[in-house]
Amino acid sequence: QVRVVESGGGSVQPGSSLRLSCTGPGGILRLDYVGWYRQAPGKEREIVATIRGSGYTTYAESVKGRFTISRDNANNSVNLQMSGLKVEDTAVYYCNNAGDQLWPWGQGTRVTVSP
């Protein structure tokens, strides 16, 4: 089974930036359709950004223009650069397959945005 580890979260003020990283098996993260998801307190998990093997990316409307998903093949990681963070971005962030077959969920990385 594919096991991924998310890191890079923290507690920041609105307007700050964070860079999240998802590391795992290199072949999977280089080639698969990978997404960053988040789950805010009391809410359903939602997908916020995806990247295909071709490099094509998509973003949820709520993060478009502020978040950037990318691959770092040298480090077998898929990263999420977040800027202009808002209070409503507070959530636990996870990475996973963005297609039909989810991997086991990692522990996620917590992002807290507060004044």
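The values are calculated or read from the model by the stated rules, or taken from the named source; none is laboratory data. Note that the structure is predicted; figures quoted are calculated from it, not measured. Neighbour counts are summed over all protein chains in view; Cβ atoms, including those assigned to glycine, are modelled from backbone coordinates with ideal geometry. Quick note on the areas: whole protein, heavy atoms, side chains included, nothing else; ligands and nucleic acids left out. Shrake-Rupley method; radii C 1.70, N 1.55, O 1.52, S 1.80 Å.
Which GluC sites (Glu not before Pro) in region 1-92 pass both tests, a DSSP loop state and at most 10 other beta-carbon atoms within 10 Å? The qualifying sites are 44, 61. For region 42-89, the calculated P(r) over all alpha carbon pairs, in 5 Å bins from 0 to the bin holding the longest distance, is 5, 18, 28, 23, 16, 8, 3, 0 percent. Probing with 1.4 Å while keeping every protein chain in the model, the per residue accessible area of the chain equals 52 Å². Rounded to the nearest 10 square angstrom, residue 17 shows an accessible area of 70 square angstrom against a 1.4 Å probe. Relative to its Kirkwood radius, the Cα radius of gyration of region 1-53 gives an Rg/Rh of 1.01. Remark: spin-label model distance residue 33-residue 72 equals 2.6 nm, labels positioned 7 Å along the Cα→Cβ axis. Computed across the chain, the Kirkwood radius stands at 13.9 Å (inverse of mean 1/r, all Cα pairs). Computed in the context of the full set of protein chains, the accessible area of the chain at 1.4 Å probe radius has 47% of its extent on carbon or sulfur.
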